[in-house]
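First up is the structure itself, then whatever we jot down about it.
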Amino acid sequence: MPGLPLRLRSHRFAPLAAMLLGLQMQRASIPALARVVHRLGIDADWVIFGHVHRAGPLPGDDPAAGRARAGGPGSRTPGAWTYEPLLIHRAAAPPHPYWPGGAIVLEDDGDPQAIGLLDHLDAELLHGA
């Protein structure tokens, strides 16, 4: 987030930054991905993509958050692989949408699921790394 003023790049603003990035994903990233999938003529039930730092949708998220429109493909993103202090407050704990170590589980039956491979680690250990 290099465009943020320096005073906003602190742990104090992590919850706000995380919320704003989550809104951006729901309102811009997922719909943009859906448009790309539609324009390319991809017929898929699910699309898995990266680059955004937020894993999801996760348990507790709005189930519609992973779909840009009714009838369109669902989307999943593994989230971040690295600890990002601008998105994780020091008091945060998993499951957290910006916790590092995200992955997607694909099985023959069922929907793809976002999981956290590093959810067993605490924030102090990650912060010190």
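Things to note:
- Rg/Rh for the stretch 90-129, where both radii come from Cα atoms and Rh is the Kirkwood radius: 1.09
- Using the Cβ-Cβ distance between ILE48 and THR82 with R0 set to 25 Å, the FRET efficiency works out to roughly 0.85.
- Carbon plus sulfur fraction of accessible area for the chain, probe 1.4 Å, in percent: 58 percent
- With helices as the sole contributors, the chain gives -6000 deg cm²/dmol at 222 nm; each DSSP H run of n ≥ 4 counts as -39500 (n - 2.57), and the sum is divided by every residue.
- Length gained on full extension, GLN24 to HIS120, computed as 0.36 nm times the residue gap minus the Cα-Cα distance: 31.8 nm.
- Of all DSSP beta bridges confined to the chain, the antiparallel ones make up roughly 65%.
- From largest to smallest, the equivalent ellipsoid semi-axes obtained for the chain from the alpha-carbon gyration tensor read 27, 18, 11 Å.
- A 1.4 Å probe run over the protein chains yields, for the chain, 63 Å² of accessible area per residue, whole-number rounding.
- Plainly put, the stretch 73-113 has a radius of gyration that is 1.07 times its Kirkwood radius, both from alpha-carbon atoms, as the Rg/Rh ratio.
- If you model the stretch 36-77 as an ellipsoid using its alpha carbon gyration tensor, with each semi-axis the square root of five times an eigenvalue, the axes come out at 19, 13, 7 Å, biggest first.
- Note on ALA64 and ASP111: their simple-model spin labels are 1.4 nm apart, each label 7 Å out from Cα toward Cβ.
The values are calculated or read from the model by the stated rules, or taken from the named source; none is laboratory data. Because the structure is a prediction, the values reported are computed rather than measured. A quick note on method: Cβ atoms are made from the backbone with ideal geometry, for glycine too, and the neighbour counts reach across all protein chains shown. Calculation scope for accessible area: heavy atoms of the full protein, side chains included, ligands and nucleic acids excluded. Shrake-Rupley method; radii C 1.70, N 1.55, O 1.52, S 1.80 Å.
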